[in-house]
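Just so it is clear, none of the values below were taken in a lab; they were calculated from the coordinates. Everything numeric here is computed off the predicted structure, so don't read it as measured data. Cβ placement follows ideal geometry from the backbone for every residue including glycine, while neighbour counts extend to all protein chains displayed.
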Amino acid sequence: MAAADWGARRDPAAFIRANTTLESTVLVPELRLHQASTLVPLWEASEAELERQGVPPPYWAFAWAGGQALARYLLDNPGLVAGKRLLDFGAGSGLQGLAAKRAGAASVLAVDIDPIACAAIRLNAEANALAIQVSAEDWIGRDNPGWDVILAGDVCYEKPMAGRVEAWLRRLAGEGTLVLVGDPGRTYFPRQGMERITGYAVKTTREIEDTDLRNAVVWRLLPG
Ligand SMILES: C[S@@+](CC[C@H](N)C(=O)[O-])C[C@H]1O[C@@H](n2cnc3c(N)ncnc32)[C@H](O)[C@@H]1O
């Protein structure tokens, strides 16, 4: 793919449509996402090119194992989110937030500091005929404006971010917010102060995960 074809920042929606296919994952067949899993690894190709352009890696182009586990759990347990106000933190494709909305959430704010991820979330919401809000601001450390439930799918892959997120979410959990974390055993996942709810075997992409299957767990973050 020629570098001139990317244009990710100029027209994110066109970039996403041109480089992904709309498909479901095995674990969450109810929702379709713009994904790159069946293409020539967009990840490797784009990582180099996008870095050159100063654009973050395309996390949004894959449904990560932690997010898939959260989505499956919410679709199977709609009572947890029906009528509730949710935050989907580090939303990526927005899968877990879309699952919450499909399960009956009153509102979902999907936040991701990557503006291309935000464009992908909007496209994915449209593809599933679901309405959610999207924000590219960095919400870490802010007060809870009224969320009943917070979702964090697969956000413990980098040490500085994992530390900031844990401290923030533990504070909000201490104020009474239900915080659900989906994680497939990432290096910086804080095992202490977590209650295991359930786990799933998630089919993954070898180019991204070095394995075909990952065990992802849904945890409840206990108050700090
Ligand atoms: C591994 S992806 C997980 C995406 C999705 N939750 C899933 O499970 O498929 C992590 C995401 O966190 C986002 N992220 C990193 N730092 C963030 C921050 N401070 N605020 C919001 N999102 C952030 C990244 O841009 C990326 O899309």
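Here is how the numbers come out for the structure above:
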{"quantity": "Three semi-axes of the equivalent ellipsoid, region 58-107, Cα gyration tensor, whole Å, largest first", "calculated": "19, 11, 7"}
{"quantity": "Gain on full stretching of the segment that runs from Arg186 to Glu158 - 0.36 nm per residue minus C-alpha separation", "calculated": "9.2 nm"}
{"quantity": "About the Cα centre, charge dipole magnitude for region 65-221 (Lys/Arg +1, Asp/Glu -1 at Cβ), debye", "calculated": "380 debye"}
{"quantity": "Residue-by-residue Karplus 3J(HN,Hα) for region 115-127, coefficients 6.51, -1.76, 1.60, Hz, glycine and proline x", "calculated": "x, 6, 4, 4, 5, 5, 4, 4, 5, 5, 5, 4, 5"}
{"quantity": "Within a Gaussian network of the chain (alpha carbon springs, distance under 10 Å), most fluctuating of Ser93, Ser107, Ser24", "calculated": "Ser24"}
{"quantity": "Cα gyration tensor of region 47-158 - equivalent ellipsoid semi-axes, whole Å, descending", "calculated": "23, 15, 13"}
{"quantity": "Under-5 Å amide H pairs with Asp88, H placed in peptide plane, nonlocal only", "calculated": "Leu109, Ala110, Val111, Leu151"}
{"quantity": "Among Gln192, Gln96, Gln68, residue whose mean-square fluctuation peaks in a GNM of the chain (springs only between Cα atoms under 10 Å)", "calculated": "Gln192"}
{"quantity": "Backbone HN-Hα couplings from phi across region 83-92 [Karplus 6.51/-1.76/1.60, Hz, Gly and Pro as x]", "calculated": "x, 9, 9, 10, 10, 9, 8, x, 5, x"}
{"quantity": "D (Stokes-Einstein, µm²/s), Kirkwood Cα radius, region 65-221, 1.306 mPa s at 10 °C", "calculated": "103 µm²/s"}
{"quantity": "Helix-only [θ]222 nm of the chain, DSSP H runs n ≥ 4, -39500 (n - 2.57) each, per residue, nearest 500", "calculated": "-9500 deg cm²/dmol"}
{"quantity": "Most mobile of Gly97, Gly193, Gly66 in a GNM of the chain (Cα contacts under 10 Å)", "calculated": "Gly193"}
